[in-house]
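Enquirer: Just passing along the structure, written as structure tokens.
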Amino acid sequence: KHEGETFACTVEVKSVNHRFLDPHLKLPSEFAGIELKLKRLIQSRIKRGRLDLFLNIERSQTVDFTFNEPVLQAYVKAIEKLKKEFSLSGELDLVQLIRVPGIMNMEGVSLSPEGRQQIEDGIVQATEMALSELEGMRAEEGVALRNDILSRLGVIHDRIEAIRKQMPNALDAYQERLKIRLGELLHGTPVDPNRLVQEAAFYVERSDIDEEVTRLQSHVEQCEALLGSGEEAGKTLDFLLQEMNREANTILSKTTGLTGNGLEIATAAIVIKTEVEKIREQAQNIE
């Protein structure tokens, strides 16, 4: 709020989540000319979110109302003529009457160029104060949001380590799945164990998830560094999360149908996907 000698202005700012900056200003029509200046001010301070700004002007100077008698008489005469010629009924409503353009006039509210500039300067100051308060609230929310995301990244890191521990033993899981599939094809015909080991080793090579796990860990570290950098992180974080989701999907596709150690890898990948999606929802709030 800003108070001048002849006026007081109050600016209220509300903000909700949005991928981009989307400002909406609601100003009295007589101050519509300052809208562009206020939008530029908002753009210099806020990067993301739908932002609604409401401006209210209160004048402290004396205001008198007068009525235009000729216009009032003409209006009443026209109403009576309509009632008579078209057989209409009804009474004149006082509230509706004073809303007719030209009937009521305000005295003492005209502004000099200097007075208008003073009010506009006050509006800008009030807007700056409102934006500062909004930034303070966002900073507090940002700390809690950052801690929540870091906690979820910690869960993902633990699941990556669990996958790494299971990877050396994945050969047994691939052998078991290959044995079952060959048994289904051969209808019980005995399978050469050496041939089974060779096929399983080849299958493991085709289904190797080491690169996906390495990239996942790298993305987690990049996210943690980004959140600690103090720089604009929203869009970059969203991109990294998309890549993490892609790597988790690839791990799942390569471990589908496995039992034992392979099943534990798939379960860990599902947990990673779940946490990534939760972080992506939160990331919409980050600039």
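Enquirer: Just to be sure I understand the filter: pairs with C-beta atoms under 8 Å, separated by 6 or more residues or on different chains, first member in the stretch 140-164 and without any contact (Cβ under 8 Å) to a residue 60 or more places away in the chain, second member part of a helix (DSSP H, G or I) and buried (at least 16 other Cβ atoms within 10 Å of the Cβ). Which pairs pass?
Expert: Once the first residue is without any contact (Cβ under 8 Å) to a residue 60 or more places away in the chain and sits in the stretch 140-164, its partners that are part of a helix (DSSP H, G or I) and buried (at least 16 other Cβ atoms within 10 Å of the Cβ) give ARG164/VAL213.
Enquirer: What are the residues in the stretch 230-245 that are buried (at least 18 other Cβ atoms within 10 Å of the Cβ) and modelled with pLDDT under 90, if any?
Expert: Those that are buried (at least 18 other Cβ atoms within 10 Å of the Cβ) and modelled with pLDDT under 90: ALA233, LEU237.
Enquirer: Let me confirm something: among GLU120, GLU114, GLU133, which residue is open to solvent by 90 Å² or more (accessible area, probe 1.4 Å), at pLDDT 80 or above and part of a helix (DSSP H, G or I)?
Expert: On inspection, the qualifying residue turns out to be GLU133.
Enquirer: Does VAL13 meet the test of being at pLDDT 85 or above, among the β-branched types (Val, Ile, Thr) and either loosely packed, with under 12 Cβ neighbours inside 10 Å or in a strand (DSSP E or B) (or both)?
Expert: Judged against the criteria, VAL13 is a match.
Enquirer: If I ask for residues that are modelled with pLDDT of 65 or more and open to solvent by 60 Å² or more (accessible area, probe 1.4 Å), which ones from the stretch 153-171 would you list?
Expert: HIS157, ASP158, ARG159, GLU161, ARG164, LYS165, PRO168, ASN169
Enquirer: Something else about it: Which pairs turn up if I take residues in the stretch 202-229 that are at pLDDT below 80 and look for partners that are among the aromatic types (Phe, Trp, Tyr) with beta carbon separation below 8 Å, at least 6 apart in sequence or on another chain?
Expert: Sorted first by the residue in the stretch 202-229, then by its partner, the pairs are TYR203/TYR174; VAL204/TYR174; SER207/TYR174.
Enquirer: Here is a follow-up. Would you be able to tell me the number of residues in the stretch 262-282 that are modelled with pLDDT under 80 and surrounded by fewer than 21 Cβ atoms within 10 Å (Cβ to Cβ)?
Expert: Summing the residues that are modelled with pLDDT under 80 and surrounded by fewer than 21 Cβ atoms within 10 Å (Cβ to Cβ) in the stretch 262-282 gives 1.
The values are calculated or read from the model by the stated rules, or taken from the named source; none is laboratory data. All values derive from a computational prediction rather than experimental measurement. For neighbour counting, all protein chains shown are included, and Cβ atoms are generated from backbone atoms with ideal geometry for every residue, glycine included. Side chains are part of the model used for accessible areas, which takes the heavy atoms of the whole protein and leaves out ligands, DNA and RNA. Shrake-Rupley method; radii C 1.70, N 1.55, O 1.52, S 1.80 Å.
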